[in-house]
Amino acid sequence: MRLPRSFYTRGDALSLARRLLGKRLVVPAGAGERVAGRVVEVEAYMGAGDRASHAYGNRRTARTEPMYAEGGRAYVYFVYGLHHQFNVVAGPAGTPEAVLVRAVEPLEGVELMRRRRPGRPDRELTSGPGKLCRALCIDLSHNNEDLAEGGRVWLEDAAPVSPDDIASGPRVGVDYAGADALLPYRLWLRDSPYVSRQK
DNA sequence: CAAGTGATTAGC
DNA sequence: CTAATCACTTGC
């Protein structure tokens, strides 16, 4: 079952980031197959007031447009000439907040993931934002898709995560954001071996 | 540890 | 139009 719209619109990006940990990210892979992973690492991007956000100062361009939609849509973009990044849009329409999914633990379709990432140990199949998009085949065609209804990627509920198991720290790769780069908006499951390397 | 890759953007 | 900038990964 897909998580409902209200799951995404209920709170801000940080609240959604916390609730996203442990949930199951699913992408259909044709012929009734699925590729799926458990979310183990995320980053919150808090919108217009967040210097690290693409939508800082309400910057509104063709790329950032999906962030302004009602929560529950996908915001996918391309960085560094070769990697895709998958984000979940949070909050009501008009607030450009989103949560970047940084790492998942492979659960379904692991064979497919191995084939898409040849020569990688299972630990490194999905342990980074670019890696997971590669393993799950998420690309620009998924941009702006509706996770709550009809989209070709979605999230499913899973066993709740205890707050004690969640660790936090500064976000990765946002040094340009000044003081905002220090905010503890990166969250991960403390004991998961599938989180990305940088701490 | 540095190169690479190309979409996106701001600045003319 | 052009140049600069990346929410990163990989192979040296």
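If I ask for residues that are modelled with pLDDT of 95 or more and assigned to a loop (DSSP other than H, G, I, E, B), which ones from the range A:12-32 would you list? Spell out the reasoning first.
The first filter runs over the range A:12-32 and keeps only residues modelled with pLDDT of 95 or more, leaving A:12-28.
Residues satisfying the conditions are A:D12, A:L21, A:G22, A:K23.
Among the candidates A:A167, A:A158, A:A148, A:A181, single out the residue that is surrounded by 13 or more Cβ atoms within 10 Å (Cβ to Cβ), free of Cβ contacts under 8 Å to residues at least 40 places away in the same chain and not acidic (D, E). Reasoning before the result, please.
Details: A:A158 fails: free of Cβ contacts under 8 Å to residues at least 40 places away in the same chain; A:A148 fails: free of Cβ contacts under 8 Å to residues at least 40 places away in the same chain; A:A181 fails: free of Cβ contacts under 8 Å to residues at least 40 places away in the same chain.
Every option except A:A167 fails the conditions.
Looking at the range A:43-75, which of its residues are of a type in the set (A, V, I, L, M), in contact with a strand residue (DSSP E or B) (Cβ under 8 Å, 6 or more places away or on another chain), more than 10 Å from DNA strand C (Cβ to nearest atom) and not in a loop (DSSP other than H, G, I, E, B)?
A:A74
Counting only residues that are within 7 Å of DNA strand C (Cβ to nearest atom) and within 17 Å of A:V39 (Cα to Cα), how many does the range A:76-131 have?
Of the residues in that region, 9 qualify.
Looking only at the range A:144-163, count every residue that is touching a helix residue (DSSP H, G or I) at 6+ places or on another chain (Cβ under 6 Å) and not aliphatic (A, V, I, L, M) and tell me the total.
1
Would you check if A:F7 is part of a strand (DSSP E or B), surrounded by 15 or more Cβ atoms within 10 Å (Cβ to Cβ) and hydrophobic (A, V, I, L, M, F, W, C)?
no
The values are calculated or read from the model by the stated rules, or taken from the named source; none is laboratory data. This is a predicted model, so every value here is computed, not measured. Because the Cβ atoms are built from the backbone with ideal geometry, glycine has one as well, and the counts that use them run over all protein chains shown.
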